[in-house]
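Enquirer: If you scroll down you'll find the structure; I have some questions about it.
The values are calculated or read from the model by the stated rules, or taken from the named source; none is laboratory data. Note that this is a predicted model, so its numbers are computed, not measured. All Cβ positions, glycine included, derive from the backbone under ideal geometry; neighbour counts span all protein chains shown.
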Amino acid sequence: MAGIGIFWATISLVAFLLISTADMMGFFKPKNQFDVNGKTVVITGGSQGMGRGLAKLLAQKGANVVIVARDQKKLDAALEYISSAAKGSAKQRFHAISADVTKSEENIRIISEVTAWNNGNPPDVVWANAGSAHPELFIDTPVELLRSQMDINYFAAAFLGHATLRSWLKPTTVNQTEESAAAMPPRHFIITSSTVCYIGLAGYGPYAPAKSALRSLADILRSEVRVYNGYRSANPSKGPATDVEIHCVTPGTIFSPGLENENKTKPAVTFILEESDPRQSEDEVAAAAIKGLERGGYLITTQWLGALLRAGMMGGVPRNAAFKDTMLALVTPFIWLFMQADLEGKVLKWGEKNQVKLPQ
C-alpha cells in the first residue's frame, strides 16, 4: 500500500509541475480579467508619476478616465496628455477633479461627481493611488509629519474605499435574473501600496507603516466583499448590481517627481540600502500593474525584487501563479539568510563610520 501511495503522489507531483510549467509558458491563456474598454475608471494621484502612467495606458485600452489630484494646473496638463493617448473611440471621455483626498467628505464628493458625470452610473474601477513618501529616521521625524504621512498614504485610500463600496453595494434597481447577474462584469477597487509593506528599511518609518496598513486593509476588504458577492449570488434581484473585486498593487522605486522630492529628505543610510534596487518609469510600472490585473491577480508586484519579497511574506494571500509563487516561497527563506545579514550589516557599518545625530 505504501508503494501505491508513493506512486500516485509522484504522478500527482509530476502532473502539477507539468501543468504549472505550461501555465507559466503561456500555453493556457486566461480570459482578460480586467477589460476596461468602455468602462469608467477613477484614479487618485493621477496628475503625475504612476497615476499618470496608469491613466494613459487605460485610455489606450478604451477606458473613460477621471483623474483626481489637488493641483488644478497639473490636472489640466495631465488630462491633455492622457486624452491624447485615447484609443480613438468617439465615445471616450476624460475628466479631472481637484480634491483633497485626505478628507472623507472629499472622497464622497469624488464618487458623487463621477457618478453624475457618468450618466448616473457609479464608476466601474476606482484606483486609490494617491500617496507620497517623506523618508526620515524615525526619531528625527516631527510627530505632525507622522500623522500627515498616515493621512495621505493610508486614510486617503481608506476613505475612498469606504465611499466607493457604499456606492457599489447598494441594492440594485434593475430586476436581474441569475443569468443576467452572472453575466455582469465585476467592479474593481484597487489600492496602490508599496514593496516597503514587505520589508522594514531604515529611513521609512514615516511612510512604510501606512503602506503596510494598506496591504492589511486590502486583505480585509477582499474577505468582506465576498459577503455581498455571496448575497448577490443568492439574491440577484435584491443584492448589489455587480460583484466587487479587491486588488493591491505594490510597486517599488519609480522615476517620478515624487521620487525627486523623496530623495531630498532620504537619509544617507537609506540610499545605501536601496542602491541595487530595480527602478521603473511611470509607463513601465503602469504596464506591469495592469498586466497583473488582466491576469486576475490580487497582490500584484511590478518587478522581480517585489515578487521575491512578496513570496517570502505571503501567508494566507492567494497565489497569482501557483507554481511560480510556490517555488519562490521555497527559495526565498534561503535568500533571506544572506539578504537580511547584508542589509543589517550595511546599517551597522554606516552607524560606525558616520556622525550620527542624537536626540537632545
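Enquirer: Determine which member of the set Lys264, Lys211 is buried (at least 23 other Cβ atoms within 10 Å of the Cβ), of a type in the set (Lys, Arg) and closer than 23 Å to Met150 by Cα.
Expert: Every option except Lys211 fails the conditions.
Enquirer: Scanning segment 64-110 for residues that are touching a Ser or Thr at 6+ places or on another chain (Cβ under 7 Å) and without any contact (Cβ under 8 Å) to a residue 40 or more places away in the chain, which turns out farthest from Gln149 (Cα to Cα)?
Expert: Here the answer is Phe94.
Enquirer: Tally the residues that are more than 14 Å from Ala286 (Cα to Cα), within 22 Å of the chain's Cα centre (by Cα) and assigned to a helix (DSSP H, G or I), restricting the search to segment 39-78.
Expert: 2
Enquirer: Hey, can you tell me all the residues within segment 312-360 that are under 20 Å from Thr195 (Cβ atoms) and β-branched (Val, Ile, Thr)?
Expert: Passing the criteria: Val317, Val331, Thr332, Ile335, Val347.
Enquirer: In this structure, is Met327 of a type in the set (A, V, I, L, M) and either surrounded by fewer than 16 Cβ atoms within 10 Å (Cβ to Cβ) or at pLDDT 90 or above (or both)?
Expert: yes
Enquirer: Let me ask another. Pull out all pairs, ordered by first then second residue, where Cβ-Cβ is under 8 Å, the residues are six or more apart or on different chains, the first lies in segment 34-46 and is over 28 Å from Lys73 (Cβ atoms) and at pLDDT 95 or above, and the second is outside any strand (DSSP E or B) and among the β-branched types (Val, Ile, Thr).
Expert: Between residues of segment 34-46 that are over 28 Å from Lys73 (Cβ atoms) and at pLDDT 95 or above and residues that are outside any strand (DSSP E or B) and among the β-branched types (Val, Ile, Thr), the close pairs are Phe34/Ile290.
Enquirer: On to the next question. I'm trying to understand the selection: among the residues of segment 115-157, which are within 21 Å of the chain's Cα centre (by Cα), among the small types (Gly, Ala, Ser) and surrounded by fewer than 19 Cβ atoms within 10 Å (Cβ to Cβ)?
Expert: Within segment 115-157, Ser132, Ser148 meet the criteria.
Enquirer: Taking the options Gly230, Gly252, name whichever one is on the phi < 0 side of the Ramachandran plot and touching a Pro at 6+ places or on another chain (Cβ under 9 Å).
Expert: Gly252
Enquirer: Could you go through segment 264-280 and let me know if any residue there is in a helix (DSSP H, G or I), within 30 Å of Lys357 (Cα to Cα) and in contact with a His (Cβ under 7 Å, 6 or more places away or on another chain).
Expert: Yes, segment 264-280 has at least one match.
Enquirer: Conditions first: (1) surrounded by 15 or more Cβ atoms within 10 Å (Cβ to Cβ); (2) closer than 16 Å to Gly258 by Cβ. Thr40 passes all but one, so which condition is the exception?
Expert: It is condition (2) that Thr40 fails.
Enquirer: Follow-up. Might you check whether a residue that is under 30 Å from Leu348 (Cα atoms), in contact with a Ser or Thr (Cβ under 8 Å, 6 or more places away or on another chain) and surrounded by 15 or more Cβ atoms within 10 Å (Cβ to Cβ) occurs anywhere in segment 220-239?
Expert: Taking every residue of segment 220-239 in turn, none turns out to be under 30 Å from Leu348 (Cα atoms), in contact with a Ser or Thr (Cβ under 8 Å, 6 or more places away or on another chain) and surrounded by 15 or more Cβ atoms within 10 Å (Cβ to Cβ).
Enquirer: Under the condition of being surrounded by fewer than 18 Cβ atoms within 10 Å (Cβ to Cβ) and touching a Phe, Trp or Tyr at 6+ places or on another chain (Cβ under 8 Å), which residue from segment 267-291 is nearest to Thr44 (Cα to Cα)?
Expert: In this case the residue turns out to be Ser281.
Enquirer: Moving on to the next point. If we keep just the residues of segment 227-259 that are assigned to a strand (DSSP E or B) and of a type outside the set (Ser, Thr, Tyr), which is farthest from the chain's Cα centre (by Cα)?
Expert: Only one residue fits best here, namely Val244.
Enquirer: Can you confirm whether segment 130-143 contains a residue that is in contact (Cβ under 8 Å) with a residue 12 or more places away in the chain, acidic (Asp, Glu) and assigned to a loop (DSSP other than H, G, I, E, B)?
Expert: no
Enquirer: Here's a check for you: in segment 148-184, which residue that is of a type in the set (Val, Ile, Thr) and in a helix (DSSP H, G or I) is nearest to Ile220 (Cα to Cα)?
Expert: The extreme case among them is Thr164.
Enquirer: Does at least one position in segment 295-302 carry a residue that is among the β-branched types (Val, Ile, Thr), part of a helix (DSSP H, G or I) and either at pLDDT below 80 or under 21 Å from Gly252 (Cβ atoms) (or both)?
Expert: Among the residues of segment 295-302, not one is among the β-branched types (Val, Ile, Thr), part of a helix (DSSP H, G or I) and either at pLDDT below 80 or under 21 Å from Gly252 (Cβ atoms) (or both), which makes the answer no.
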